[in-house]
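Presented below is the structure to which this report refers.
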Amino acid sequence: QVQLVESGGGLVQAGGSLRLSCVVSGSFFSLNTMNWYRQAPGKQRELVASITSNGSPNYADSVKGRFTISRVNAENTVYLQMNSLKPQDTAVYYCNFLRAGRAYWGQGTQVTVSS
C-alpha cells in the first residue's frame, strides 16, 4: 500500500525557515516525479515545486529563490526547504506523485507564517 507521510510544518515568523519532509512507502520512489502542493484557506491547491526522478527541480514563480526541493532516493524522501517565509506562504503543504494515472497524496502538514 502506498503511503506518503509529511512532517516538518509549524509556526514561524516572517523571514524564518522550515524544512518539510515527505517519506514515501510502497512505491518505486526513485522512478517518480515528486511534487509539493499547498492549499491556503479559501484557495485552490497550487503546485509549489517538483523534482524529477533524475533530480531536476521546477518551482512556482511565487517561491523561486526562496524554496528548494530535493530528494534522497535511498531514503524514499523528498524535502522542501523553505527560506525567507512570508505570511502568504501560510497553507497546508502536501506531497504528491502520479503513477499509472493515479494521484497519491499525503495527509498534509500545516505551515503558518506570522507577520
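The values are calculated or read from the model by the stated rules, or taken from the named source; none is laboratory data. For clarity, every value in this text was computed on a predicted model and none was experimentally measured. Please note: Cβ atoms are built from the backbone with ideal geometry, for glycine as well, and neighbour counts cover all protein chains shown. Side chains included, ligands, DNA and RNA excluded: accessible areas come from the protein's heavy atoms. Shrake-Rupley method; radii C 1.70, N 1.55, O 1.52, S 1.80 Å.
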How big is the charge dipole of the stretch 37-99 about its Cα centre, in debye rounded to the nearest 20, if each Lys and Arg gets +1 on its Cβ and each Asp and Glu gets -1 on its Cβ?
100 debye
Give, rounded to the nearest 20 debye, the magnitude of the charge dipole that the chain has about its Cα centre when Lys and Arg contribute +1 at Cβ and Asp and Glu contribute -1 at Cβ.
140 debye
What's the Kirkwood radius of the chain in Å, using all Cα pairs?
14.0 Å
Of every hundred units of 1.4 Å-probe accessible area on the stretch 21-115, the number belonging to carbon and sulfur atoms, as a percent, is 49 percent
Gaussian network model of the chain, Cα springs within a sub-10 Å range: biggest mean-square fluctuation belongs to which of G55, G16, G42?
G42
Residue-normalised accessible area of the chain, expressed per residue, 1.4 Å probe, Å²
53 Å²
